[in-house]
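A short worksheet on the structure shown next.
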Amino acid sequence: MDSFELNKIAGGLIGAVLLAMVIGKVSGMVVHPVPPAKPVFAAVEEAAAPAAAGGAAPAALEPVSPLLAQANAANGQAAFNKKCATCHTANQGGANKVGPNLFGVVAGKKAHLDNFTYSKALTEKGGNWEYEDMNAFIAKPAAFIKGTKMAFAGVGSVQERADIIAWLRTQHPSPPPLPQ
Ligand code: HEC
């Protein structure tokens, strides 16, 4: 190999590196305009929000109604004991703790006890504790009733919410019918 040939090879290499750099720069320029996609998403979310605010529950929440008939009340009681019982009893005549006794609360009116001091937010929410209202409240109390004093993050699993509600339904003088 003479030096002329070596020069050609070196030249070729340098050319390739330069080309790679140019391509990198250019594609950087081409890719750059893409980020505005984010604000577009935000705009879409904002547009969707008013529709969700109109309904009783956030649009994305999975309903418990289809699960209730097959829900496991024993698991629900165990979950209640773990997650709710620090603040609630649910047996007939049970004491109010940080939260009200929940006997008969399913399908009952919101703020169902006279001897518990509820937040203004819950008192003014209105309506009964229908299954899907209960679902939304247990999933994320502060989202369903802004200003509630139930300081609880929520139960993320729809199956667990169904189990809890299925058990709470049995803590009732006459358990309301399951949804069809
Ligand atoms: C940190 C304490 C705390 C925990 C934990 C808690 N709650 Fe509550 N709960 C409260 C308080 C306080 C209220 C009253 C809220 C208000 O007045 O805004 C309440 C209200 C309620 C109500 C409405 C009662 C009515 O008469 O309208 C239901 C139903 C309820 N809780 C269910 C549950 C369930 C089910 C769990 C477990 C998954 C749970 N809570 C966990 C404190 C708690």
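Contact map, region 151-180: first residue free of Cβ contacts under 8 Å to residues at least 60 places away in the same chain and assigned by TED's automatic domain parsing to the domain that holds Ala85, second residue surrounded by fewer than 21 Cβ atoms within 10 Å (Cβ to Cβ) and basic (Lys, Arg), Cβ cut-off under 7 Å, separation 6 or more or different chains; pairs are Gly154/Lys140.
Residues in region 125-143 that are of a type outside the set (A, V, I, L, M, F, W, C), within 16 Å of Val64 (Cβ to Cβ) and either assigned to a loop (DSSP other than H, G, I, E, B) or not assigned by TED's automatic domain parsing to the domain that holds Leu68 (or both): Glu130, Lys140. Filtering region 92-122 to residues that are more than 21 Å from Asn135 (Cα to Cα) and either among the β-branched types (Val, Ile, Thr) or touching a residue at least 60 places away in the same chain (Cβ under 8 Å) (or both) leaves Gln92, Thr117. There is no residue in region 159-180 that is part of a loop (DSSP other than H, G, I, E, B), modelled with pLDDT of 95 or more, within 8 Å of the ligand (Cβ to nearest atom) and surrounded by 14 or more Cβ atoms within 10 Å (Cβ to Cβ). Within region 117-151, the set of residues being within 6 Å of the ligand (Cβ to nearest atom) and open to solvent by 60 Å² or more (accessible area, probe 1.4 Å) comprises Lys149, Ala151.
All conditions in (1) more than 22 Å from the chain's Cα centre (by Cα); (2) free of Cβ contacts under 8 Å to residues at least 24 places away in the same chain hold for Pro141, with the sole exception of (1).
Residues that are surrounded by fewer than 16 Cβ atoms within 10 Å (Cβ to Cβ), more than 7 Å from the ligand (Cβ to nearest atom) and either at pLDDT below 95 or not basic (Lys, Arg) (or both) within region 91-107 comprise Asn91, Gln92, Gly93, Gly94, Ala95, Asn96, listed in sequence order.
The values are calculated or read from the model by the stated rules, or taken from the named source; none is laboratory data. Quick caveat, the model's predicted, so the values are computed rather than measured. Don't worry about glycine lacking a Cβ; one is built from the backbone with ideal geometry, like all the others, and counts go over all protein chains shown. Keep in mind that these areas ignore ligands, DNA and RNA; they rest on the heavy atoms of the full protein, side chains included. Shrake-Rupley method; radii C 1.70, N 1.55, O 1.52, S 1.80 Å.
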